[in-house]
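Have a look at the structure below, then the notes.
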Amino acid sequence: MYTQLEQRGMPEPPVNVSTLRKMKNDGDPIACLTAYDASFAVLVDAAGTDLVLVGDSLGMVIQGHDTTVPVTVDDIVYHSRTVARGLRRAFLVADMPFMSYTKPDQALDNAVRLMQEGGAMMVKLEGGDDQVGIVEHLARHDIPVCAHLGLKPQSVHKIGGFKVQGREPDKAREMLVAAQRLQDAGADIVLLECVPNEVAERVTQALDVPVIGIGAGPGVDGQILVLYDILDITQGRTPRFVKNFQEGCDSPLKALQSYVRAVKERTYPEPEHCFS
Ligand code: KIV
């Protein structure tokens, strides 16, 4: 098992939770991207991406739905398995889809599927304080967890659209408290989506675990974007935080390398990609 994990002979060992924690402590930005198939996984890995997420955004960019709500556990298992085959160094995280973690044992059964059948090394779920019990249950069974706060796309019908979260002082405080409680419950990563810079920075400084942002400004430990958005594949209106890295690059690999470099050198996100 250990030789498999260490991938003997590789110039750089595979990323794991300790690597990610050390990157936070060393101030080394974590470059993350989504991927949904083996071919793109090979490119994303070759570009030096540290963490790859099989996101339920696949409901929109692969399946053509308007939201992530229709995505099933079977869908994520299928795509995660294909991505796992393409990765060598990057850490693989898979999304728990809508309604797949409403009860502790249901969450555990589905997380086990994502890891055993999908090859994921961590599962991601959306939720704040309300998910502390679920995170505790998964962590007690040694399932690594990423807790997704801020804009939670699975709640889009309840929120009434894709909106920035945490602008009001009481909501910002709630987010900080939820992030701390999720960390205490065993979350290994917190992901913040569409959050004002200042709020994201405060959460990042308060936590020991890495905080990854999407539309959360430059003050977090790492950045994540949807692969098809940065390669200019997504048509129509894209969110404010998206940057087209394909522009000026003559191959997808070069575009991905340009994204990883921008995250590492902290030249992305720029002010126009941020919320206040
Ligand atoms: O599903 C997804 O791709 C995500 C990212 C946007 C963070 O959750």
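Is there a residue being open to solvent by 20 Å² or more (accessible area, probe 1.4 Å), within 23 Å of ALA178 (Cβ to Cβ) and outside any helix (DSSP H, G or I) anywhere in segment 111-124? Within segment 111-124, none of the residues are open to solvent by 20 Å² or more (accessible area, probe 1.4 Å), within 23 Å of ALA178 (Cβ to Cβ) and outside any helix (DSSP H, G or I). Only residues that are more than 21 Å from VAL190 (Cβ to Cβ), part of a loop (DSSP other than H, G, I, E, B) and in contact with a Leu (Cβ under 8 Å, 6 or more places away or on another chain) were counted in segment 44-65, giving 1. Can you tell me which residue within segment 180-202, out of those that are farther than 20 Å from PRO271 by Cβ and more than 15 Å from the chain's Cα centre (by Cα), is surrounded by the fewest Cβ atoms within 10 Å (Cβ to Cβ)? Looking at the filtered set, the residue picked out is ASP184. Looking across ALA107, ALA84, ALA47, ALA94, one residue alone is modelled with pLDDT of 95 or more, among the aliphatic types (A, V, I, L, M), away from the ligand (no atom under 16 Å from the Cβ) and closer than 25 Å to GLY133 by Cβ. It is ALA107. Residues in segment 150-166: is at least one at pLDDT 95 or above, open to solvent by 30 Å² or more (accessible area, probe 1.4 Å), within 19 Å of LEU58 (Cα to Cα) and away from the ligand (no atom under 14 Å from the Cβ)? The answer is no; no qualifying residue exists.
Of the strands (runs of 3 or more DSSP E) lying entirely inside segment 171-275, those containing at least 3 residues that are touching a Leu at 6+ places or on another chain (Cβ under 9 Å) and in contact (Cβ under 8 Å) with a residue 60 or more places away in the chain span 222-225. The number of residues in segment 29-39 that are within 13 Å of the ligand (Cβ to nearest atom) and open to solvent by 10 Å² or more (accessible area, probe 1.4 Å) comes to 0.
Consider segment 203-228 and keep the residues that are of a type in the set (A, V, I, L, M, F, W, C) and within 11 Å of the chain's Cα centre (by Cα). The one that is farthest from the ligand (Cβ to nearest atom) is VAL211. Annotation note: of THR82, THR19, THR68, the sole residue that is in a loop (DSSP other than H, G, I, E, B) and crowded, with 17+ Cβ neighbours inside 10 Å is THR68.
Checking the stated criteria, LEU43 turns out to be open to solvent by 10 Å² or more (accessible area, probe 1.4 Å) and closer than 30 Å to ARG261 by Cβ.
The values are calculated or read from the model by the stated rules, or taken from the named source; none is laboratory data. Because the structure is predicted, anything quoted here is derived from the model rather than measured. Don't worry about glycine lacking a Cβ; one is built from the backbone with ideal geometry, like all the others, and counts go over all protein chains shown. Keep in mind that these areas ignore ligands, DNA and RNA; they rest on the heavy atoms of the full protein, side chains included. Shrake-Rupley method; radii C 1.70, N 1.55, O 1.52, S 1.80 Å.
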